[in-house]
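Asks: My structure is below; once you've seen it, I'll send some questions.
The values are calculated or read from the model by the stated rules, or taken from the named source; none is laboratory data. Keep in mind that this is a model prediction, so the values were computed, not measured. Quick reminder, even Gly has a Cβ in these numbers, built from the backbone with ideal geometry, and neighbours come from all protein chains shown. With ligands, DNA and RNA removed, areas are computed over all heavy atoms of the protein, side chains included. Shrake-Rupley method; radii C 1.70, N 1.55, O 1.52, S 1.80 Å.
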Amino acid sequence: MNLFNKCIVKIVDLLNNSQERYLNSLLAAYGSEGRVTHMVHIHYPEHIFIGKGSYINGGMLAASEHAKILIGEDCMISYDVHMRTDMHRHDRIDIPMNKQGTTEADIIIGDDVWIGYGAQIMMGVTIGSHSIIGAGAIVTHDIPDYSVATGIPARVIKDRRKVTQQ
């Protein structure tokens, strides 16, 4: 790698580190104790709370004006995970969907939850503590504590308490 490329890499690293520090200090100002990387896109940071020891590697945390994202302690959230607390309304067929407004509901993630790469957590969902959400899952309904859930839509495939410990 030549000197020019090394300088570019260093500049990008500095910008990413600066953005990461800014995002974490912004979230901390609203009470969050966890960490996000510079690859996380945030909407309404005042409505996002990340518990102590939790880490979000990338993706989107899109809280909305009237709904929150609450993430418990010691959670691991992988790359490209999207959480969004609002959704376009579509219940009327006499009005175009883009003119029906939106509906909002909180997303709640318990303690000690692992959410795999590319999962999407939809509005109004609660994921119970000690659960695992598989990569690429789309979570449209509540997931109980100690569950392993995968698929589209996500379905519980295992209770972690019933797995033999080695």
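Asks: Taking all pairs of distinct Cα atoms, average 1/r, flip it, and tell me the Kirkwood hydrodynamic radius of the chain in Å to one decimal place.
Replies: Working: mean 1/r = 0.0588 Å⁻¹.
Value: 17.0 Å, from the Cα pair sum.
Asks: Select from segment 1-83 those GluC sites (Glu not before Pro) which occupy a DSSP coil region and have at most 12 other Cβ atoms within 10 Å, ordered by residue number. Spell out each step's value before the answer.
Replies: Working: sites: Glu20, Glu33, Glu46, Glu65, Glu73; in loops: Glu33, Glu65, Glu73.
Here the GluC sites (Glu not before Pro) that fit, given the DSSP loop and packing criteria, are Glu65.
Asks: Heavy-atom accessible area per residue, segment 101-166, 1.4 Å probe: how many Å²?
Replies: Details: 3660 Å² over 66 residues.
That works out to 55 Å² for each residue.
Asks: How large is the dipole of segment 75-166 about the Cα centre if only Lys and Arg carry +1 and Asp and Glu carry -1, each at its Cβ, rounded to the nearest 20 debye? Could you put the intermediate results ahead of the total?
Replies: On the way: 9 positive and 11 negative charges, 62 e Å.
That gives segment 75-166 a dipole magnitude of about 300 debye.
Asks: Expressed as a whole percentage, what fraction of the accessible surface of segment 26-140 belongs to carbon and sulfur atoms when a 1.4 Å probe is rolled over the protein heavy atoms?
Replies: Working: 3090 of 5640 Å².
On segment 26-140, the fraction of accessible area on carbon and sulfur atoms equals 55 percent.
Asks: Answer with one residue from Ala119, Tyr22, His43: the one whose Cα lies farthest towards the positive end of the charge dipole of the chain, charges on Cβ with Lys, Arg +1 and Asp, Glu -1.
Replies: Ala119
Asks: Still on this structure, I have one more. Quick one: work out Rg over Rh on the C-alpha atoms of segment 75-166, Rh as Kirkwood radius. Intermediate values should be presented prior to the final figure.
Replies: On the way: Rg = 15.1 Å, Rh = 13.9 Å.
With Rg and the Kirkwood Rh in hand, the quotient comes to 1.08.
Asks: Here's a follow-up. Under a cut-off of 19 Å between alpha-carbon atoms, report the aspartates and glutamates in cross-link reach of Lys10, not counting same-chain residues fewer than 8 places apart.
Replies: Glu20
Asks: Which three lengths, in whole Å and largest first, does segment 1-61 cover when its Cα atoms are put on their principal axes?
Replies: Each principal axis gives a Cα extent; for segment 1-61 these are 44, 17, 17 Å.
Asks: Next up: Considering amide H positions built from the backbone, and no H for Pro or chain starts, which residues 5 or more places from Ala67, or on another chain, come under 5 Å of its amide H?
Replies: Result for Ala67 returns nothing.
Asks: For Ser147, enumerate residues with amide H under 5 Å from its amide H, sequence gap 5+ or separate chain, H modeled in the peptide plane.
Replies: Ser131, Ile132, Arg160
Asks: How do Leu26, Leu3, Leu61 rank by accessible surface area computed with a 1.4 Å probe, from largest to smallest? All intermediate terms of the calculation are to be shown ahead of the outcome.
Replies: Details: Leu26 45, Leu3 130, Leu61 5 Å².
Ranked from most to least accessible, the order is Leu3, Leu26, Leu61.
Asks: Counting other Cβ atoms within 10 Å of each Cβ, which trypsin sites (Lys or Arg not before Pro) in segment 1-65 have at most 10 and sit in a DSSP loop? Write out the running numbers ahead of the final one.
Replies: Values: sites: Lys6, Lys10, Arg21, Arg35, Lys52; in loops: Lys52.
When the trypsin sites (Lys or Arg not before Pro) of segment 1-65 are filtered for loop state and at most 10 Cβ neighbours within 10 Å, nothing remains.
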